[in-house]
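Notes follow once the structure below has been shown.
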Amino acid sequence: MSLLTSAQEQIRDEARAFTAAELLPVANELDPQHADIPWSIVDRIAELGYFGIMIDREHGGLGLGMTEYCLVTEELARGWMSAASIIARANGTGSLVADPARRADILRRQAAGTFISAAAFSEPEAGSDVAAVSCRAERRGSTYVLNGEKRWCGWALAADAIVVLARTAPGRREGLDVFLVEKERGSFPEGITGTPIPKIGYHGITSWALTITDLEVPAENVLVGPDGATGNGFGMFGTLLDWGRLHTAARAVGAARGALEDATAYAQQRVQFGRPISSFQAVKFRLADMATQVAAARALYLDAAAKFDAGVDCKQDCSMAKLFASEMAERVASSAMQVLGGNGYTTEHAVERHWRDARLTQIFEGTSEIQRSIIAQHLLGATTPGHPERKDRR
């Protein structure tokens, strides 16, 4: 018996069919080349409405919730995790624009896949410690002038805009704002230069190190929270983390499922000692353990997503889902490589891609260590000085 509604099953199945027929063949071809997602795939994702899953119907979106967002994410990640990541670069971040008319325009463009942004939050010396951001934004009349460095800005060159976290006043959590830097696809605006970061995986989306020099941003491009106030960039970032952690949990499950399905198919075809290796108990038990772990991680993220959709405080649940799913994904993908034996250690099979991508889920959107710290704080009701997500921010 499925706990999903028929509508949720339908959107999941549509995403599964798209991944199998269109996305997976492209991923198998382009990931070994370290190439970005082709625009033909991006356009198809837009046609399917996945850039607007969480944007209301009034602005051209599907008007759905976190549960549907995660279901689609898992399916896309089963094919290519970067394709699952690209949908996060729309899906309603335009709602943070202060001017109502401009906000509505950006939301419509996001839902249509014509306004895809990149996020420039991390810096060379500010990763998990986001409050250590040093990129500065100085007010000069009707504009801000930004100077600093950013790191791990995925899709920065191809994006229609870059969302930059910068410091407008001294301090740590206080005095941070988020700026919307609009740009042309395929080029950086005057004041930004970029260098690609070489990665062992997560191909399909180039990650950039950015240098920002005297970048002028109109004051109206400062993003605001629900209360319409500026200067709360840290809080806005913290709110987005719940989204990101559930999104990452679903991505991790998708990567793990890809590894499991590939290993299962291989075990049924690979013959040793005169019979398929799937007939050996050691392989059977390995596959059974892998399948159980994938199912458990999916149940955890779906439970957290349901709470998110219900408006329930679910910060701890999001961290639990992200922690368990990301740790699970690396184990399952590694186990899948073992099923393939020596062939699993080649680039001739996609299992190694799933392992490389799964390994990253333990790091981004908050490391596993950060998630454990958050979970423990909720359990103990403790406040850890200097930690970005203390009890007083729950």
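Quick notes on this structure:
- Ordered from largest to smallest accessible area (heavy atoms of protein chains, 1.4 Å probe), the residues M81, M54, M320 come out as M320, M54, M81.
- Of all accessible heavy-atom area on the chain, the percent that carbon and sulfur account for (1.4 Å): 53 percent
- Computed label-point distance, nm, for sites A98 and R172 using a 7 Å Cα→Cβ extension: 2.8 nm
- DSSP beta bridges in the chain [antiparallel fraction, %, rounded to 5]: 85 percent
- Peptide packing for 74-80, 247-253, 323-329 was compared via the average number of neighbouring C-beta atoms within 10 Å per residue; ordered from the highest value, the list is 247-253, 74-80, 323-329.
- Protein heavy-atom accessible surface, 1.4 Å probe, per residue over the chain: 43 Å².
- With the largest listed first and rounded to whole Å, the semi-axes of the equivalent ellipsoid of the range 80-233 from the Cα gyration tensor are 22, 20, 14.
- Dividing the mean sequence gap of close Cα pairs (under 8 Å, 6+ apart) by how many residues the chain holds gives a relative contact order of 15 percent.
- Alpha carbon convex hull of the range 33-160, volume per residue in cubic angstrom: 139 Å³
- Shape category assigned to the range 1-64 from the gyration tensor of Cα positions, a/c cut at 1.5: oblate
- Compared with the dominant principal axis of the Cα atoms in the chain, helix 100-111 is inclined by about 20°.
- Positive minus negative residues near T73 (Lys, Arg vs Asp, Glu; Cβ under 15 Å): 0
- Summing Lys and Arg as +1 and Asp and Glu as -1 over all other residues whose Cβ lies under 11 Å from the Cβ of A120 gives a net charge of 0.
- Compactness of the range 191-328, taken as the C-alpha radius of gyration over 2.2 N^0.38 Å, stands at 1.52.
- Efficiency of FRET from Cβ geometry, T292 and T211, R₀ 51 Å, rounded to 0.05: 0.60
- Residue-count net charge about F280 - beta-carbon cut-off 14 Å; Lys, Arg +1, Asp, Glu -1: +4
- The spacing between the range 207-264 and the range 179-202, judged by their C-alpha centroids, is 15 Å.
- Rounded to the nearest 10 Å², the accessible area of I53 at probe 1.4 Å: 0 Å²
- Stretching S134 away from Q272 to a fully extended chain increases their span by 43.9 nm, per 0.36 nm per residue minus the current alpha-carbon distance.
- Length released on extending from T347 to E190, taking residue separation times 0.36 nm less the Cα-Cα span: 52.6 nm
The values are calculated or read from the model by the stated rules, or taken from the named source; none is laboratory data. For clarity, every value in this text was computed on a predicted model and none was experimentally measured. So basically every Cβ, Gly included, is an ideal-geometry build from the backbone, and we count neighbours across all protein chains shown. The area values use the complete protein model at the heavy-atom level, side chains included, leaving out ligands, DNA and RNA. Shrake-Rupley method; radii C 1.70, N 1.55, O 1.52, S 1.80 Å.
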